[in-house]
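Readers should treat all values here as calculations from the given coordinates under stated rules, not as data from a laboratory. These figures come from a predicted structure and were not determined experimentally. All Cβ positions, even for glycine, are placed from backbone atoms using ideal geometry, and neighbour counts span all protein chains on display.
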Amino acid sequence: MSFVLLGLALLAAEPAPPERVVHLTARRFTYSPETIEVEEGVPVVLELTSLDRDHGFTVPELGLRIDVEPGKTARVRFVPEKAGTFLFHCDIFCGTGHEEMAGQIVVAKRKEAGGGS
Amino acid sequence: MAQRTRREFLQLAGVSGIVFASGLLDACASAERPRAEPADDFYFVQLSDTHWGYKGPANPEAAVELPRAVELVNALPRPPDFVIFTGDLTHTTDDPAERRRRMAEFRAHATRLKVPGVRFMPGEHDASLDRGQVYEENFGPRSYTFDHKGVHFIALDNVSDPKGILGDEQIDWLARDLRQRPKETPIVVFTHRPLFDLKSDWDWTTGDGSRAIDVLHAHPHVTVFYGHIHQEHHQMTDHIAHHAARSLVFALPAPGSQPKRAPLPWDAAHPGRGLGFRDVDADPRGPDYQLREIALASEA
């Protein structure tokens, strides 16, 4: 009986997916990459560096915001909780193309574990 | 015969509450001028986002728009009590000498306004790269108050900090200023960016704007006029009305109407479409404000 319960517990406690690290660079007036594709429920660490001056990185719909300064790596961790497309932009005014400095995080629905045809 | 207020005059002229076409301005200019109005009824003009120095595909004729707006204001049937420019007077540049040149040229155009007073405010294009240094050299303080015919006006700076915030010091200053005002005083606030979250993922917000709104909230008669979004927009946050003005250089899309906040394409068949300014008829006794949108060119 106890073996059965242990087995059920192990099945229920699916291991957390490993963090995915995504590197971004910021420079006037672009981010690279401009589109970040992640998966629902899979933790993500964004590592941002600036190649020229102070920038901001904000994803208002996900409640994420961080300063991106030259010579430093800014890290922001999050777990995408729902599928969709979420816009990010620079929120530290950086010059004449500032308004175009933007991108998107595309969160795909999580693939079923062990799923197959 | 009873004296006729400007509002009554506009109603008689059949133009109250509608968008002016420039031809209508000419018609008004030739109509009978109203007699003197009660001292507490007045109007002002809001001009915004002139972006002097802009050169780009969103308006190949950018250099004609500010002089045209000055002409239209000077053609109003009666001069407004004052004109306020709510920011982005100039288009940004990395070169401080060029910024000074653009501000000097802008100022030269603004001085052609035949009105008793002209007031200015910075936008992020004027002030964010140098925290308002060149702006202040040309136009003075970035935030200030003044009183006019019973209305208390407050100009707030939410742009010279490049993060697009007001900052603790300015919010404290606002709170101290408001504590000195009787609750019933009509308050009009001018800002460049919206104080509320209009569309935060397009940066159409002020990072700490909700704190300013909280401070203003205690006063029952508050109206905010702002720019930044290059289009007419009206929204309430509880009892506080927020009105965005059109730009004088290019129009931006309605919030969320397209994937990016890129300017609306230039329409060579309708130059100036979507551009304009407004006049605001203020009756401090209500208080009550009537807004009239004035197009730079025919909207047909």
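Observations on the model:
- When each of B:Asp238, A:Asp67 is scored by the number of other beta-carbon atoms lying within 10 Å, the sequence from fewest to most is B:Asp238, A:Asp67.
- For region B:259-269, putting each phi into the Karplus relation 6.51 cos²θ - 1.76 cosθ + 1.60 with θ = phi - 60° gives couplings of x, 10, 8, 5, x, 5, x, 5, 10, 4, 6 Hz, in residue order, rounded to whole numbers and with x for Gly and Pro.
- Rg then Dmax, both in Å and based on the Cα atoms of region B:57-144: 13.5, 41.
- Average Cα contact separation per residue, region A:16-108, under 8 Å, 6 or more apart, as relative contact order %: 33
- Among the listed pairs A:Lys72/B:Lys199; B:Lys199/B:Lys260; B:Lys163/B:Lys199; B:Lys55/B:Lys114, those whose Cα-Cα separation exceeds 21 Å are A:Lys72/B:Lys199; B:Lys55/B:Lys114.
- nm² value of the averaged projected area, convex hull over the Cα atoms of region B:117-265: 9.2
- Simple label model, 7 Å out from Cα along Cβ direction - A:Val22 to B:Lys183, nm: 5.0
- Ellipticity estimate at 222 nm from DSSP helix runs (n ≥ 4, -39,500 (n - 2.57)) divided over the protein assembly as shown, nearest 500: -6000 deg cm²/dmol
- Ranking of B:Ile213, B:Ile229 by count of other Cβ atoms within 10 Å, fewest first: B:Ile213, B:Ile229
- Residue list for region B:275-292, given a label point 7 angstrom along the Cα-to-Cβ vector of B:Asp147 and an amide N cut-off under 16 Å: B:284-285
- Ordering A:Met101, B:Met103 by the number of other Cβ atoms within 10 Å of each residue's own Cβ, fewest first, gives B:Met103, A:Met101.
- Compactness of region A:16-108 - radius of gyration and Dmax, Cα, Å: 12.6, 43
- Beta bridges by DSSP in the protein assembly as shown, antiparallel share as percent, to the nearest 5: 55
- For region B:206-300, Kirkwood radius (reciprocal of mean inverse C-alpha pair distance, Å): 15.1
- Spin-label pair B:Trp173/B:Glu136, simplified geometry with 7 Å Cα→Cβ offset, distance in nm: 0.9
- Across peptide B:196-204, the average count of Cβ atoms from other chains found within 10 Å of a residue's Cβ is 4.
- Over 37 Å [Cα-Cα, the protein assembly as shown], rounded percent: 31
- Restricting the calculation to Cα atoms, chain B yields a radius of gyration followed by a Dmax of 18.5, 59 Å.
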